[in-house]
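> Dropping the structure in here first, questions after.
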Amino acid sequence: AITATAVRVPTIGGHRESVNVELEEEFDIQIIQNLIANQPGVSLDLGELYKTPTETHGKDTVFVSRLRRDYSVKNGLNFWIVADPLLKGAATNATQILTYLLN
């Protein structure tokens, strides 16, 4: 199960989402961190701060931060995502998914 909260307010160059994921099995948070950190086009920040739209404006990268366990559900994971929707939006993602599938 996944719950995502998109914060859509008038800002220049960014949108953000708080994402909660409930996995089927217990997980090692280090493995999840490595999986996310090794994805092309993704930047994982494990510090205390998180990216804002101002910092991501004009960048073709998806920034993930605040990756942590979500204890409100069994096997829960929570993280924060920020990206520039003009550079990394629905059309770009659709093109990248199609390219991946064709290869």
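> Take the chain, connect every pair of alpha-carbon atoms lying under 10 Å apart with a spring to form a Gaussian network, then pick out the residue of 19, 62, 73 with the largest mean-square fluctuation.
73
> Less than 28 Å apart at the alpha-carbon level, and either on another chain or at least 8 residues along: which lysines does that give for residue 88?
Straight-line reach from residue 88, under 28 Å: 51, 59.
> Which label belongs to the value computed from this structure, given these candidates for log10 I(q)/I(0) by the Debye sum over Cα atoms at q = 0.10, 0.14, 0.18, 0.22 Å⁻¹: [x] -0.28, -0.56, -0.93, -1.37; [y] -0.40, -0.67, -0.91, -1.13; [z] -0.30, -0.59, -0.95, -1.25?
[z]
> Mind checking the angle between helix 90-102 and the chain's longest principal axis? C-alpha axes, 0 to 90 degrees, to the nearest 10.
Relative to the chain, helix 90-102 is tipped by roughly 70 degrees.
> Each residue of the range 31-37 in order: what ³J(HN,Hα) in whole Hz does its phi give by Karplus 6.51 cos²θ - 1.76 cosθ + 1.60, θ = phi - 60°, with x for Gly and Pro?
5, 4, 4, 5, 4, 5, 4
> Still on this structure, please answer the following. Which value in nm describes the separation of the simple spin-label points at residue 4 and residue 28, placed 7 Å from the Cα toward the beta carbon?
Going from the residue 4 label point to the residue 28 one covers 2.8 nm.
> Give me the dipole magnitude in Debye, nearest 20, for the range 37-103 about the Cα centre, with unit charges on the beta carbon: positive for Lys and Arg, negative for Asp and Glu.
Using only the charged Cβ atoms, the result is roughly 220 debye.
> Okay, moving on. Could you check the spin-label model distance between residue 57 and residue 95? Points 7 Å from the Cα along Cα→Cβ, value in nm.
Label-label distance for residue 57 and residue 95, simple model: 2.3 nm.
> If I take R0 = 22 Å and measure r between the Cβ atoms of residue 46 and residue 17 in this structure, what FRET efficiency does the formula 1/(1 + (r/R0)^6) give, to the nearest 0.05? Intermediate values should be presented prior to the final figure.
Working: r = 18 Å, r/R0 = 0.82.
Efficiency, rounded to the nearest 0.05: 0.75.
> Can I ask one more? Between the range 19-35 and the range 45-68, how far is it from one alpha carbon centroid to the other, in angstrom?
So the two Cα centres are separated by 19 Å.
> How large is the helix-only mean residue ellipticity at 222 nm for the chain, computed as the sum of -39500 (n - 2.57) over DSSP H runs with n ≥ 4, divided by its residue count, in deg cm²/dmol to the nearest 500?
Values: 3 runs with 26 residues, N = 103.
Helices in the chain give a 222 nm mean residue ellipticity of -7000 deg cm²/dmol.
> I want to check the label-to-label distance for residue 38 and residue 75. Put each point 7 Å from Cα in the C-beta direction and report it in nm to one decimal.
2.1
> Please check: in the Gaussian network model of the chain (C-alpha springs, under 10 Å), which one of 59, 51, 74 has the largest mean-square fluctuation.
Highest fluctuation of the listed residues: 74.
> Where is the GNM fluctuation largest for the chain (alpha-carbon springs, 10 angstrom cutoff): 20, 93, 78?
93
The numbers here are math on the coordinates, done by the rules we state, and not lab data. Everything quoted here is computed from the prediction, not taken from an experiment. Every residue, glycine among them, receives a Cβ derived from its backbone with ideal geometry; neighbour counts consider all protein chains shown.
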